[in-house]
Every structure is written in structure tokens, then in C-alpha cells.
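All remarks here apply to the structure that follows.
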Amino acid sequence: ANWDKMETVTIELSEHDFEPKHLKLKANQPYRLVIKNTGEADHYYTAAEFFKSVAWRKTQTPRPHGGEIKAPYLTAVEAYKNGGSVELFIVPVKKGTYEVVCTIDDHKDKGMTGSITVE
């Protein structure tokens, strides 16, 4: 992947919503997904099938006290309340539409659902 052409997309988690709710990405385009919690409760961004279908570079938390994870795939990302964030460096490779939910308590039932479409 040409990481010089990476696009940054911010996904905000709040009570009880994702913004954008329906994310559209292009196959073979490098992305930095910034998952940021603007809410007053912890939230998950769970998209196991999507996360298994992308090429991973890394996952990191913001500097100066953050860290970095390199793994073949994740199943969910938790962003802590009041500004917590996680950055995912990925390249979508498999086209399709994938479900995203918050799996904490009853957040899904309250509407914390969405999708990621790779075109």
C-alpha cells in the first residue's frame, strides 16, 4: 500500500450512535480510521467480519503515552468515555457490506448499529 496516499476518516461514538452511521470505503485504498468516543460512557466499535477482511498495518493509541499493536486482525475496538480514541491503519481488500454494533449492555438495542461498505 502507498501510505503517502492514506485517507483519514474519523468515526465518532456517542450515546447511542456512530457518526458516520454508514461508512463507505474504497477497496485497496489505505485508511487511518480514528475511532473517537465523544460520549459519557465507554463504547465498542465491533465489526469482526470487516476487521477480518482487511489488510492490517497497525492499531495505535495517541501519543505521547499511547502504544501500538500489530496483529493479523481484531474483532472489536473499545474507546473509553470522554475522548478516548484508537487509530486503525488498514487497507480494505474484500468488497461487501459489514455490520457494526456496540456490544456494551443494551447499546445495540438503543440504536448503536451501523455498517461499513467496501466498494
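The values are calculated or read from the model by the stated rules, or taken from the named source; none is laboratory data. The shown structure was predicted, so the numbers you read here are calculated from the model rather than taken from an experiment. Here the Cβ is made from the backbone with ideal geometry for all residues, glycine too, and neighbour counts use every protein chain on show. Side chains are part of the model used for accessible areas, which takes the heavy atoms of the whole protein and leaves out ligands, DNA and RNA. Shrake-Rupley method; radii C 1.70, N 1.55, O 1.52, S 1.80 Å.
Going by the structure shown, is THR97 under 19 Å from HIS43 (Cβ atoms) and in contact with a Ser or Thr (Cβ under 9 Å, 6 or more places away or on another chain)? So that I can check it myself, show each step before the final result.
Working: under 19 Å from HIS43 (Cβ atoms): no; in contact with a Ser or Thr (Cβ under 9 Å, 6 or more places away or on another chain): yes.
It is false that THR97 is under 19 Å from HIS43 (Cβ atoms) and in contact with a Ser or Thr (Cβ under 9 Å, 6 or more places away or on another chain).
Which of the residues that make up the range 96-119 are assigned to a loop (DSSP other than H, G, I, E, B) and closer than 14 Å to ILE11 by Cα? Don't jump to the end; show me each part of the working.
Step one: list which residues in the range 96-119 are assigned to a loop (DSSP other than H, G, I, E, B), which gives 102-112, 119.
Residues satisfying the conditions are CYS102, MET112.
Across the range 44-58, what is the total count of residues that are assigned to a strand (DSSP E or B), under 23 Å from LYS21 (Cα atoms) and open to solvent by 10 Å² or more (accessible area, probe 1.4 Å)?
Residues of the range 44-58 assigned to a strand (DSSP E or B): 44-46, 54-58.
From the residues that got through so far, the ones that are under 23 Å from LYS21 (Cα atoms) too are 44-46, 54-56.
Now narrow it down to the ones that are open to solvent by 10 Å² or more (accessible area, probe 1.4 Å): 44, 46, 54-56.
Number satisfying all stated conditions: 5.
If you take the residues of the range 8-43 that are in a strand (DSSP E or B) and of a type in the set (Asp, Glu), which of them is farthest from the chain's Cα centre (by Cα)?
So the first thing to find is which residues in the range 8-43 are in a strand (DSSP E or B), and the list is 8-14, 17-19, 22-25, 31-37, 43.
After this cut, where a residue has to be of a type in the set (Asp, Glu) as well, the list is 12, 17, 19.
Numbers: GLU12: 9, ASP17: 13, GLU19: 11 Å.
Out of the qualifying residues, it is ASP17.
For the range 61-95, give me the residue count where each residue is loosely packed, with under 14 Cβ neighbours inside 10 Å and part of a strand (DSSP E or B).
2
For residues in the range 3-41 being in contact with a strand residue (DSSP E or B) (Cβ under 6 Å, 6 or more places away or on another chain) and charged (D, E, K, R), which is nearest to GLU87 (Cα to Cα)?
Here is the first cut: in the range 3-41, the residues in contact with a strand residue (DSSP E or B) (Cβ under 6 Å, 6 or more places away or on another chain) are 6-13, 18-19, 21-25, 27, 30-39.
Those still in the list that are charged (D, E, K, R) too: 7, 12, 19, 21, 24, 32, 36.
On the way: GLU7: 12, GLU12: 12, GLU19: 16, LYS21: 18, LYS24: 17, ARG32: 6, LYS36: 9 Å.
The extreme case among them is ARG32.
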